[in-house]
1. Relative contact order for the chain: what is it in percent, counting Cα pairs under 8 Å that are at least 6 residues apart?
2. Which value in nm describes the separation of the simple spin-label points at residue 144 and residue 31, placed 7 Å from the Cα toward the beta carbon?
3. Roughly how many whole Å is it from the C-alpha centroid of the range 97-146 to that of the range 15-32?
4. So how far apart, in nm, are the two label points at residue 127 and residue 82 if each is 7 Å from Cα heading toward Cβ?
5. Using +1 on the beta carbon of Lys and Arg, -1 on that of Asp and Glu, and nothing else charged, what's the dipole of the range 26-166 about the Cα centre, debye to 20?
6. Compute, for the range 101-146, the length of the dipole vector about the Cα centre, with Cβ point charges of +1 (Lys, Arg) and -1 (Asp, Glu) only. Units Debye, rounded to 20.
7. By the gyration tensor of its Cα atoms, with a ≥ b ≥ c the square roots of the eigenvalues, what is the shape of the range 1-101: rounded for a/c under 1.5, prolate for a/b over b/c, or oblate?
8. Restricting to DSSP H runs of at least four residues, report the calculated mean residue ellipticity at 222 nm for the chain, -39500 (n - 2.57) per run over all residues, nearest 500 deg cm²/dmol.
Amino acid sequence: MSPRVRPALTEDAPLLASIHRACFDEAWDEEAFRRLMDRPGAFAFLAARSEAETESQAFILIQAAGGESEILSFGTLAGARRKGLAHSLLRAAAKEAHHLGAREMFLEVAEDNHAAIALYRGAGFVIVGRREKYYRRADGTVLDAIMLRATLPLEQGPILFDRGML
């Protein structure tokens with residue numbers, strides 16, 4: 001089954017915050033998501049494992065401006081990982097960012113997040129730098145951020161999102 005991807009609305013802020021809280025040590029609250037989504041050029045998508053599922057298990061939040069786009073946050077609930085949700089969300093977000101005029105997409109990811117780095121590298125992102133001591137885990141561990149960048153549109157692959165849904 002293919003994941004179901006849909007645009008997130010401001011009204012989805014509680015769900016976005018809930019997924020974010022389950023994925024990250026430093027969680028963003030509902031108000032943070034509302035403020036971010038209200039910015040010009042900001043958009044988000046949610047994904048569920050299949051068309052039949054009503055509850056989303058993953059999200060991506062993007063800011064597009066000035067010919068660039070940035071992945072602000074991207075998370076998948078632990079029980080839904082390795083089911084294609086992140087791949088589908090990344091493709092949908094890249095397609096929308098390109099539609100909005102972005103020629104590049106960039107992000108930072110924790111150096112120990114090997115699954116995410118592999119996802120990005122597989123989609124055509126390249127490592128362009130490192131931010132030292134960027135992330136702090138709840139246990140006090142401090143990690144560098146790996147900075148990645150890709151040219152849009154991303155290399156071809158299945159995009160499981162129809163712009164007509166916006």
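1. Relative contact order for the chain comes out at 21 percent.
2. According to this spin-label approximation, the distance is 3.6 nm.
3. 18
4. So the label points at residue 127 and residue 82 sit 2.3 nm apart.
5. Here the size comes out at about 320 debye.
6. On the way: 7 positive and 7 negative charges, 19 e Å.
Here the range 101-146 has a charge dipole of around 100 debye.
7. oblate
8. For the chain, the value works out to -8000 deg cm²/dmol.
No lab work stands behind these numbers, since they all come straight from the coordinates. Computed from a predicted model, the values in this text were never measured in an experiment. Note that we place each Cβ from the backbone using ideal geometry, even for glycine, and neighbour counts take in every protein chain shown.
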